[in-house]
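*Asks:* Sharing a structure, written as structure tokens. Questions coming.
The values are calculated or read from the model by the stated rules, or taken from the named source; none is laboratory data. Computed from a predicted model, the values in this text were never measured in an experiment. All Cβ positions, even for glycine, are placed from backbone atoms using ideal geometry, and neighbour counts span all protein chains on display.
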Amino acid sequence: MRAIMVMFDSLNRHLLPPYGGDWTHAPNFARLAEKAVTFDNAYAGSMPCMPARRELHTGRHNFLHRSWGPLEPFDDSMPELLKQNGVYTHLVSDHPHYWEDGGATYHGRYNTWEFFRGQEGDPWKGQVADPEIPEDLKRMRFGSYRQDWVNRPHMATEDRHPQTLTFDAGLDFVRTNQDDDRWFVQIETFDPHEPFFSHKTYKDLYPHDYEGPHFDWPDYKRVVETDGQVEHARYEYAALLSMCDHSLGRVLDTMDELDLWDDTLLIVNTDHGLLLGEKGWWGKSVQPWFNELVHLPLFAWDPRNRAAGERRSALVQTVDVAPTLLDFFGVDRPGDMQGAPLPVAEDTPVREAGLFGIHGGHVNVTDGRYVYMRASAAPDNAPLYEHTLMPTHMRGRFSPAELVDLELAEPFDFTKNIRTLRVPGRTLVNPYHHGTLLFDLETDPDQSTPLLDDAAELRMATLLVELMRANDAPPSQYERLGLPTRGPVTEKHLLVRAQRDQAERAAQPLPRAEDFPEGRLSLRTPLKALLSDPVAVEVVRKHLPGVADSELLQMIGATPLIDVAAMAGALFPPPSLRRVAEELAQL
């Protein structure tokens, strides 16, 4: 018995042919659907990258207790449990976050691992002189942008691309060990995560006229680019998606060639999707977790039942991957593991509802038809705490200032009688500004029209609280969300109607800079120059409180105000920005 998991990052379900994607070139995903079971109701859990991977290891949710971070000392790790029970585990990946402070405990759970450098802003190649970059990218806000352009010449051909090297290594492991039993290999690529860096072979699949600036790495923000830029970025993503499809085809070819279908489990999955202009947003993490981000593609082949070319409607989640692999190898699941084996053999219900979210953002629940996004009850989005024994962020440790007010919390039911550090938390987004949202996917699959339905909200809020209690959520989460720690959810706890106005404001598109005249000062004026004008400063402070004194100035001082507002999302509602634009045009 052997197992292969092919994992992509930021893979969009709705662009794949098995899920109705009709304009992308992805024949191997269609081929996979013929050979395996396709899950129609697969959802993410904790987002983004490393929180999702903690779920892959532990089979339980991460986001209610902490944000991005390593595996904790009390966590049960699926690869480690396999290793302890005689299953050889191997990881091959080009995912750079595994080798940062916030992901440093994951790869060590496998017997062996290989890592390939160069994705995103991976601090790989050292170069003191500035790299050669397109003229329209001279203004780069983040150090990772510069590093990306240092790295790109070192992977100028497809055979040197880290995705290619990752699949080379994964398939080399398969060939080397084809005659051996009881192994698991995780072939994991960072693609099609941004930046959408691929080669001409794949770009040529999507011919289009474009004369705008170089644009293959959208920031996580509201869309303010032209329609042509948006279309171009989508084609750049599609090109990288087609490269991923080619790599997937190499795995399927190898399974055919080596007759692995008889005894090898295959799972193909992702951690989350990516917004490519849908809902007026780029990226993830800074807006509600719409279905483009959390309704996931998932495929599985299990040689024990040989179900192929079939679809499953059962509601499954990322937390079900670890139980599936443990079950396949006959390893007992720990009691803390809340997921269940994927129902590959037949369409058996796994759960009534699924929980998903990001630490400090909306806490969300779906039953497969309705999606309920619970925002904070108060504007300060408080209280919010991190519970951890591994105080690290994505790329760094917690600062001494963050740890000054730490306390020891009482043990949770999954921490094995261990107290955690309770530290004041922080988040990229305040869900209060977006409001509490309720969607009926049957009548509104695009989630374009939030419902006002007290009965449906009461039912979904009750499911949400039941799942929070089952996950031993900290008391602070109930307080932040305005939900009861004990007893039933009642009409007094409902928020959709009370937060309707702010939800409608947040959903409005930002005005485009080209809609306003180029006066002495405009939305196109760089923020640093704009804030050097005392009159303009007062205009900005009046309508966009706090911008003039923002920490963002240090890294985006050369950025036009329209882009600053786009990055800040609903913190700067469109009506406020429009008033700024109108007053600036009069200066």
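*Asks:* So, in the range 487-500, exactly how many residues are in contact (Cβ under 8 Å) with a residue 60 or more places away in the chain and either assigned to a helix (DSSP H, G or I) or in contact with a strand residue (DSSP E or B) (Cβ under 6 Å, 6 or more places away or on another chain) (or both)?
*Replies:* Adding up the residues that qualify gives 2.
*Asks:* Here's a follow-up. If you check Gly339 against the conditions, is it within 26 Å of the chain's Cα centre (by Cα), in contact (Cβ under 8 Å) with a residue 12 or more places away in the chain, outside the structural domain of Thr443 (by TED's automatic domain parsing) and assigned to a loop (DSSP other than H, G, I, E, B)?
*Replies:* Numbers: within 26 Å of the chain's Cα centre (by Cα): yes; in contact (Cβ under 8 Å) with a residue 12 or more places away in the chain: yes; outside the structural domain of Thr443 (by TED's automatic domain parsing): yes; assigned to a loop (DSSP other than H, G, I, E, B): yes.
So Gly339 passes the test.
*Asks:* So, one more: Taking Asp122 as the residue in question, decide whether it is acidic (Asp, Glu) and in a helix (DSSP H, G or I). Spell out how you get there, then give the answer.
*Replies:* On the way: acidic (Asp, Glu): yes; in a helix (DSSP H, G or I): no.
Considered against the rule, which asks whether it is acidic (Asp, Glu) and in a helix (DSSP H, G or I), Asp122 comes out as no.
*Asks:* Right, here's the next one. Looking for whichever is at pLDDT below 95, within 18 Å of Pro51 (Cβ to Cβ) and either assigned by TED's automatic domain parsing to the domain that holds Ala456 or among the β-branched types (Val, Ile, Thr) (or both) here; the options are Gly396, Gly361. Which one fits?
*Replies:* Sole residue among the options that is at pLDDT below 95, within 18 Å of Pro51 (Cβ to Cβ) and either assigned by TED's automatic domain parsing to the domain that holds Ala456 or among the β-branched types (Val, Ile, Thr) (or both): Gly396.
*Asks:* Right, another one. Among the candidates Leu11, Leu32, single out the residue that is crowded, with 21+ Cβ neighbours inside 10 Å, in a helix (DSSP H, G or I) and assigned by TED's automatic domain parsing to the domain that holds Phe190. Write out each step before concluding.
*Replies:* Details: Leu11 fails: in a helix (DSSP H, G or I).
After applying the criteria, what remains is Leu32.
*Asks:* How do the pairs read when you match residues in the range 154-177 that are in a loop (DSSP other than H, G, I, E, B) with residues anywhere that are polar (S, T, N, Q), using Cβ under 6 Å and keeping only pairs 6 or more apart or on different chains?
*Replies:* Nothing qualifies.
*Asks:* Starting from the range 465-478, take each residue that is closer than 16 Å to Gly45 by Cα and list its partners that are surrounded by fewer than 18 Cβ atoms within 10 Å (Cβ to Cβ) and modelled with pLDDT of 95 or more, counting only C-beta distances under 6 angstrom and pairs at least six apart or across chains.
*Replies:* Close Cβ pairs satisfying both conditions: Asp472/Asp413.
*Asks:* Another one. Of the numbered conditions (1) at pLDDT 95 or above; (2) in contact with a Phe, Trp or Tyr (Cβ under 9 Å, 6 or more places away or on another chain); (3) surrounded by fewer than 24 Cβ atoms within 10 Å (Cβ to Cβ), Pro79 satisfies every one except a single condition; which is it?
*Replies:* (3)
*Asks:* Moving on to the next point. From the residues in the range 14-29 that are of a type outside the set (A, V, I, L, M) and over 21 Å from Thr164 (Cα atoms), which one is surrounded by the fewest Cβ atoms within 10 Å (Cβ to Cβ)?
*Replies:* At the first step, the residues of the range 14-29 found to be of a type outside the set (A, V, I, L, M) are 14, 17-25, 27-29.
Retained after the next criterion (residues that are over 21 Å from Thr164 (Cα atoms)): 14, 17-23.
Working: His14: 17, Pro17: 19, Pro18: 19, Tyr19: 16, Gly20: 9, Gly21: 19, Asp22: 6, Trp23: 10.
Of everything passing the filter in the range 14-29, Asp22 is surrounded by the fewest Cβ atoms within 10 Å (Cβ to Cβ).
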